[in-house]
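Report on one structure; see the data block that follows.
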Amino acid sequence: MKKFNIRKVLDGLTAASSSSSSSSATAPPGAPRENDAVQETLQSEHFQLCKTVRHGFPYQPSSMAFDPVQKILAIGTQTGALRLFGRAGVECYCQHESGAAVIQLQFLVNEGALVSALADDSVHLWNLRQKIPAILHSLKFNRERITYCHLPFQSKWLYIGTERGNIHIVNVESFSLSGYVIMWNKAIELSTKTHPGPVVHISDNPMDEGKLLIGFECGVVVLWDLKCKKADYRYNYDEAIHSVAWHHEGKQFVCSHSDGTLTTWNVRAPAKPAQIITPHGKQPKDGKKPEPCKPILKVEYKTTRAGDPFMVLSGGLSYDTVGRRACLTVMHGKSTTVLEMDFPIVDFLTLCETPYPNDFQEPYGVVALLEKDLVVIDLGQIGYPIFENPYPLTIHESPVTCCEYFADCPAELIPALYSVGSRQKRQGYSKKEWPISGGNWGQGTQSYPELIITGHADGSIKFWDASAFMLQVLYKLKTAKVFERARAKEEKPSTDIVDEDPFAIQTLSWCPESRMLCIAGVSAHVIVYRFSKQEVTTEVVQLLEVRMQSEFGDGDSPDPGGDQTPTLPAPVSSSPQESEPPPTQSSSGSTSSDGPRDNIACLQVRSSPLKQSPGYQVELVIQLVWVSGEPPQPITSLAINSSYGLVVFGNSNGLAVVDYLQKTLLLNMGTSELYSPSDPYQRQPRSPRKTRQPSGALCDSNDGSNASEDRCKSPTSAKMSRKISSSGEQKPDQDAKDNSFTRSRSSSVTSIDRESREAISAFHFCESFPRKNDGQPGPCLLVGTTQGSVMMVALSLPPGGEQRLQQPVAISSCGTMAGLKGGILTMALLDATGTLLPPSYEPWYDPNASDEDKEKSRRRRPASPPSSQEGQDSQFAVLCSEKQAKVLVMPSQTRIYKHNITETSFVLRADVVQMAGANCIACFCANGHIMTLSLPSLRPLLDVNYLPLTDMRIARTFCFSNLGQALYLTSPTEIQRITYSQETCDNLQEMLSELFTPVETPEAPNRGFFKGLFGGGAQSLDREDLFGETAAGKASRSLAQHIPGPGGMEGMKGAASGVVGELARARIALDERGQKLGELEDRTAAMMASAESFSKHAHVMMLKYKDKKWYQL
């Protein structure tokens, strides 16, 4: 291992991020000597960036296909993405480079390949036999727009219909166009004067592959004889066609039309439909045509051996059902069932037992792809229940507003969350197994537990198991249950500071070891939760109201913008209504009904008892209140520490520290006050408990002394109330601005403008040295601001047990520790060896368990032992802002390393993470760069231009975790996981799931003796004879351009690893040999054709000159 005293410059490091002074040679005096330098093990070789998996519902889906043998579902989107799903945990994401919408997908059934047709008139062949699918061939049409594709089962010829009404034929193996073209003017009757419109349907007769059914938009359907190159029958209807479906015997087909009708045609009776029905039309009594309905966008016609056929259709509702949700209609015999969907239907497919179109279909389910959901309906059970969906497709159930990622968390957490979450599952699902069951899980070696927590706009929080590249929801917490809901718009309280989603989660703090959870919402509310396995009914929800106001009386609410760390935007608006608030909200109320709102919270905590299920249960609700007509400012940062029993939160007005064990406010300090060190004894009596009358079980009866400062008096001290109001810190009277404001003027803050814009942006609880001359570490709080200042706050905790619940916690500001450019994003402490010192915590215990069990499990984890050389620098403080990182030694607070991360951009997210047995800082910049810096020397280890920031969603949700993992919301419905670990990138192939598994294709249906004897069975067709170059000639070169894909044989070689490596290699060898033999065969055939042509030509010449004399030549 090297001692790093010089900076290693990475190849390709951008100029903007390489201006570093991380060498200890530039450090000021007092820094550790060179031979004391921490030995760092992380090298740039440990880092590599790549995408791993994408979870969630495909954003803006546009098409769908299913392989009935492999049992794999493919979904294409409007942005050119391709998502493939198999059994639970088997999913894959790939992307078309062009980003054009996927208009149609077709599986090569049981071949491990998929054809995609895009809106930019390109067709692609995907190889699914490799873990990361790749394009083998592409074909780009130049002159015609693609409207419909059809690939018959076990055929290598793909039919492509176009906007001009023509049909082209593509060889899927070579992706070459056949010279055989069905022109629209040959297909329709010569007497027709108008163009029939685009091709909207192509399918071959299930019993005769030589007959192709072509549907044109105008309502004309043509049965084309491929051999004779002519139309056998033409079927005319005066309504536009949307889809066509065959009966499996090939004697009948059904068309769906734009007026909501279904027409059934007998193949040999083209004059008129055998039947016309309007499934949702009202039948007039006088026998007239029913009223027209909305278009039936798709129909499928599936037969069963034992009973009536199924007809499944989407659309077709009557026009008087305005506002009715999208419906899927299942017609079976005489019964018609209408299944309402939550979202509009994009596409649907009927799942059948057989892949053969000429056999009884035996449908067992319907996959409905909706705009924001995927639903599978069980056709085999009465009432058509839906299958329970095993995929994590509910990320967007309510929009995601914040996200946190915890890799390598305690192993018992996931089972604990699963056990409480399993009780929340809905009932009434189909009892059958999920039918999309293809593929195999990866053989990954990553065994550590991973958790993702998402906060949502409706106030819900979801815990997800993200281990082993999978995602499964464990538990859902609804924070809005704590509050009263406004019953109607008129009754909505005028104290709202957001127009909609008042319960939206803004930020959260979670301690995995103690399982304590704290959330901050957009209505300036904070809720503390404990985890319990037992149900409890809370008679009165404990409430603490906090009054935080700007330090200036000019009425301007401080603007947290500018350098503020990007968080969920919370529109702050004061409602114009000046009516008196509801009596339950006016704790100390405004003085008159028409005066400015004062001491009123934005949300109303419920007054009725709250039944709390096992899981997360409310411990305390903290609400910021209106101050003299000014709404509370959004909470910008939040932290909880279970060992200290404290919650701290900050906004543009300052910070507040709350003791959630005693349910008291300890500190409510303006940002500017933090700059100057304070006498701890002046600030010690922070607890409003001192001045409160006994209020239930939260106060001690002997604690009624009024000997504290005036500014700590509670306005509700005389009220017996469930509210524990703590407005004392910043009262609007003269006492609110005692000498603390004048003191702060002499501190490092230089202007009122700076003070008014400065918000708290980061917190970090730690065991460190509060002051420069301290010899022993103690409980501390590091506070970072949007102006780049880092302040230290010392905490003096009473002893544990009963004393902890009775004696106050003393807090004192220790002044500024450091200043950085840009807002502070993250802070951490390392010990003298460079090992991360995590905040202390209390092990989890069940708060509703017996006292004995509590005492057994409750023991405060000892703080990290101080260095034996007391007084010597024994800790490193790591500070990272939007612009730079610094490392200070503690307790001397001397800067020894500094690195300017970026000059031209700013860092959006930074985390101190563990990686390969060491620690580093991981940063995500607004210019799309992802960087890592070593600790403590801040050497650049990785700098990749990964993703230019396109929207605030990525900025709000990007987070790093330990062991090289990171994630962000790439769309409103999808989480993209990435890794910055070289080891994970190297093992990615093994970890990813396999889509293709070798499965035998089911046997073809038995034709039966008599059908075979009298020719009543399916008629096969040698398409090679018709469409091959020999018979059909070459297609026009200008019609389409062939583009070979990157995933040819080389891609398959890459996939040939792991358990099936040898088999795959043998298969590739056979494929290569077959390819060469095929080429040889093609050349031989071409030579034979050439020889035959020459022979014919010679014979003609011989006949021409046979009887002529030499002088007649």
Accessible carbon and sulfur surface of the range 106-251 relative to its total accessible area, %, 1.4 Å: 48 percent
Amide H within-cut-off set for residue 629, under 5 Å, with H built and near neighbours excluded: 597, 598
Over 30 Å between alpha carbons, listed pairs 131/883; 131/372; 193/230; 140/211; 186/272; 156/186: 131/883
Amide H partners (placed H, <5 Å) of residue 620, local residues excluded: 528
Mean accessible surface per residue for the range 178-296, computed with a 1.4 Å probe while every protein chain stays in place, in Å²: 47 Å²
Cα-Cα P(r), the range 69-129, percent of pairs per 10 Å interval: 23, 57, 20, 1
Net lengthening on full extension, residue 156/residue 240 (0.36 nm per residue, minus Cα-Cα): 27.2 nm
Radius of gyration and Dmax over the Cα atoms of the range 301-374, both given in Å: 13.5, 40
Solvent exposure ordering (accessible area, 1.4 Å, most first) of 111, 91, 239: 111, 239, 91
Karplus 3J(HN,Hα) series, Hz, for the range 626-636 with 6.51 cos²θ - 1.76 cosθ + 1.60 (x for Gly, Pro): 5, 10, 6, x, 9, x, x, 7, x, 6, 9
Net charge of Cβ neighbours under 12 Å - reference residue 916; Lys, Arg +1; Asp, Glu -1: -3
In sequence order, calculated HN-Hα J values of the range 457-465 (Karplus, 6.51, -1.76, 1.60; Hz; x Gly/Pro): 5, 8, x, 8, 10, 10, 9, 10, 7
Neighbourhood charge, 12 Å Cβ-Cβ cut-off, centred on residue 214 and excluding it, Lys, Arg +1 and Asp, Glu -1: -1
Cβ-Cβ FRET estimate between residue 1088 and residue 176, R0 fixed at 22 Å, reported to 0.05: 0.65
Förster-model FRET efficiency, 51 Å R0, residue 535 and residue 952, C-beta, rounded to 0.05: 0.85
Filter on 481/611; 227/251; 71/251; 425/611 - keep pairs with C-alpha separation over 21 Å: 71/251
Those residues of the range 120-164 whose amide nitrogen sits under 14 Å from the label point placed on residue 195, 7 Å along Cα→Cβ: 143-147, 162-164
Cβ-defined net charge surrounding residue 110, 12 Å radius [Lys, Arg +1; Asp, Glu -1]: -1
Simple spin-label estimate for residue 408 and residue 805 in nanometres, 7 Å along Cα-Cβ: 3.7 nm
Residues with amide H under 5 Å from that of residue 769, placed H, sequence gap 5 or more: 778
Sites matching GluC sites (Glu not before Pro) across the range 519-551 that sit in DSSP coil, with at most 14 neighbouring C-beta atoms within 10 Å: 535, 539
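The values are calculated or read from the model by the stated rules, or taken from the named source; none is laboratory data. Worth saying up front: this structure is predicted, and the values here are computed from it rather than measured. Neighbour counts run over all protein chains shown; Cβ positions are idealised from the backbone, glycine included. SASA here: full protein model, heavy atoms, side chains in, ligands and nucleic acids out. Shrake-Rupley method; radii C 1.70, N 1.55, O 1.52, S 1.80 Å.
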